[in-house]
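The values are calculated or read from the model by the stated rules, or taken from the named source; none is laboratory data. Worth saying up front: this structure is predicted, and the values here are computed from it rather than measured. Here the Cβ positions follow ideal geometry from the backbone for every residue, glycine too, while neighbour counts run over all protein chains shown.
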Amino acid sequence: MYRKRQDDQHQILDLELQQARYEATLAERRYAACDPDNRLIAAQLEKNWEIALRRVQDIETRQPTDNASTIEVDPSAFANLAENLSAAWNAPEVTMRARQQLLRTLIADIIVDVDDAVRDVVLTIHWRGGQHSELRVRKPRTGEHGCATADDVLAIMRSMAGRWSDEHIAASLNRMGLPTGQGKTWTAHRVASVRRVRGIHAYRSVEKDGEWLTMTEAAKTLGVTNHTIRRLIKTNVLPAVQVVTGAPYQIRAEDLALKAVKTAVARKGRPCRITDTDTLPMFIDT
């Protein structure tokens, strides 16, 4: 705002100077076109011409010189800047460009150094008032960027790798609502790519020794469907564990031999029917 006021004042002076020069030129032409024998009119026109020239000279003295600063800083105009700095920075109508201009006004220069011992970037800020401030920022590693995979996703991937395939890991992450670093859904290919970059070992089926089974393997062993196994887990009849919430269930093979599990599998669920002699059948037996 202060710069805009200064620019407006300079523009007004320029317009006044242009108008004064035009009036001086007009007065000169009128004096030149006057009849010399008419001394009364010639004297008045000469006087008007001199007044116009003095006005041009006065405005030119008020104009800033070429080598002078175009903006004359008034110290009193910025006396309370420090008190209102936070309000000015956080005001909703302040643009990012205005904040950048404010920083350029307050900061003289910034010296950057790297502390390799702790992998920090050390910023030494020199303020206009002579004070210095030090700021430390963690130095990104090679290949690290803003679209990196989140730490909680990597933790889940490490806990599930070796026990579950990339397809199972991708499905579990999608069920949990955890996107990739670029905000996309997970696929087996993307899980494998992250594992290779992060050095996470892959799922190998030869590591399965039969101690733990998936829902599909447990259903095949008992001769039932996956829905039955899920129902047994939900009713706490069949013990099962999850690496993390939302991951596939893991069932210990020896738990399939529990009495409660065998009883639940042997029980055939039939619809409950109440015999009522007064109710007519919908279909007649043929």
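Some notes on this structure:
- When region 33-48 is filtered for residues that are of a type outside the set (A, V, I, L, M), within 17 Å of Glu23 (Cα to Cα) and either in contact with a strand residue (DSSP E or B) (Cβ under 9 Å, 6 or more places away or on another chain) or assigned to a loop (DSSP other than H, G, I, E, B) (or both), only Cys34 remains.
- Test: residue in region 2-12 that is farther than 30 Å from Thr95 by Cβ, assigned to a helix (DSSP H, G or I) and of a type in the set (Ser, Thr, Tyr): no
- Checking each residue in region 122-149 for being under 30 Å from Leu178 (Cβ atoms) and hydrophobic (A, V, I, L, M, F, W, C) picks out Val137, Cys147, Ala148.
- Count of region 1-48 residues, restricted to those that are in contact with a helix residue (DSSP H, G or I) (Cβ under 7 Å, 6 or more places away or on another chain) and among the polar types (S, T, N, Q), is 1.
- Residue identified as out of contact with any Ser or Thr (no Cβ under 6 Å at 6 or more places or on another chain), basic (Lys, Arg), farther than 20 Å from His201 by Cβ and outside the structural domain of Thr216 (by TED's automatic domain parsing) among Arg163, Arg119, Arg158: Arg119
- If only residues of region 219-268 that are under 49 Å from the mean Cα position of the chain (by Cα) and hydroxyl-bearing (Ser, Thr, Tyr) are counted, the one that is nearest to Gly162 (Cα to Cα) is Tyr249.
- Scan of region 148-169 for residues that are more than 25 Å from Arg252 (Cβ to Cβ) and part of a helix (DSSP H, G or I), ordered by number: Asp151, Asp152, Val153, Leu154
- Close contacts from region 106-131, counting a first residue that is under 22 Å from Ala88 (Cβ atoms) and modelled with pLDDT under 90 and a second that is among the hydrophobic types (A, V, I, L, M, F, W, C) and outside any strand (DSSP E or B), with Cβ to Cβ under 9 Å and a gap of 6+ residues or different chains, come to Leu106/Leu81; Leu106/Leu85; Trp127/Leu106; Arg128/Leu106; Gly129/Leu106.
- The set of residues in region 32-70 being among the small types (Gly, Ala, Ser), loosely packed, with under 10 Cβ neighbours inside 10 Å and modelled with pLDDT of 85 or more consists of Ala32, Ala33.
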